[in-house]
Amino acid sequence: MTNELEDILNLAKRKLAVSILRALRDQPMRYSKLHHAVSQASSRTVHARTLTDTLNYLRDTGLVDHVQNESGANYQLTRGGLELVDLLAEIERWAKQHRTSGQ
């Protein structure tokens, strides 16, 4: 298995990273709105430091950008981040189909 594939599979294991990517799928978000969105999606409390660390990780991997504009700073998916969200959704669809069909 290539290092790139291993990196993506490891990212997919990071539930908070996947929640962040999903939350940013439809629109850029400010930190506070993103924190609220991922907290709602999680069964556990999402601490600000954990969110910040995960956002930094996603920025370092080139999946999320932190963009400053006239209204403030937003987090948004990069093209690669958007493609990954679509791939993860397809993998989830595939897993549900095959888990329920027993194949």
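The values are calculated or read from the model by the stated rules, or taken from the named source; none is laboratory data. Computed from a predicted model, the values in this text were never measured in an experiment. Quick reminder, even Gly has a Cβ in these numbers, built from the backbone with ideal geometry, and neighbours come from all protein chains shown. Keep in mind that these areas ignore ligands, DNA and RNA; they rest on the heavy atoms of the full protein, side chains included. Shrake-Rupley method; radii C 1.70, N 1.55, O 1.52, S 1.80 Å.
Key figures
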quantity: Among GLN27, GLN40, GLN68: highest mean-square fluctuation, GNM of the chain, C-alpha pairs under 10 Å; calculated: GLN68
quantity: Which of SER32, SER42 is most accessible, then next, and so on - probe 1.4 Å; calculated: SER32, SER42
quantity: Residues of the chain: accessible area per residue with a 1.4 Å probe, Å²; calculated: 70 Å²
quantity: VAL64 long-range amide H proximity, modeled H, under 5 Å; calculated: ARG59, THR78
quantity: Along the chain, longest interval not containing exposed trypsin sites (Lys or Arg not before Pro), exposed being DSSP loop plus at most 15 other Cβ atoms within 10 Å; calculated: 45-103
quantity: Cα-based helix-to-principal-axis angle, 3-13 vs the chain, degrees rounded to 10; calculated: 80 degrees
quantity: Fraction of accessible area attributable to carbon and sulfur, the chain (%, probe 1.4 Å); calculated: 50 percent
quantity: Total formal charge among the other residues, if their Cβ is under 13 angstrom from that of ALA23, Lys/Arg +1 and Asp/Glu -1; calculated: +4
quantity: Kirkwood-Stokes translational diffusion coefficient of the chain, alpha-carbon pairs, 25 °C, 0.890 mPa s, µm²/s; calculated: 169 µm²/s
quantity: Backbone HN-Hα couplings from phi across region 29-39 [Karplus 6.51/-1.76/1.60, Hz, Gly and Pro as x]; calculated: 9, 6, 3, 5, 5, 5, 4, 5, 4, 6, 5
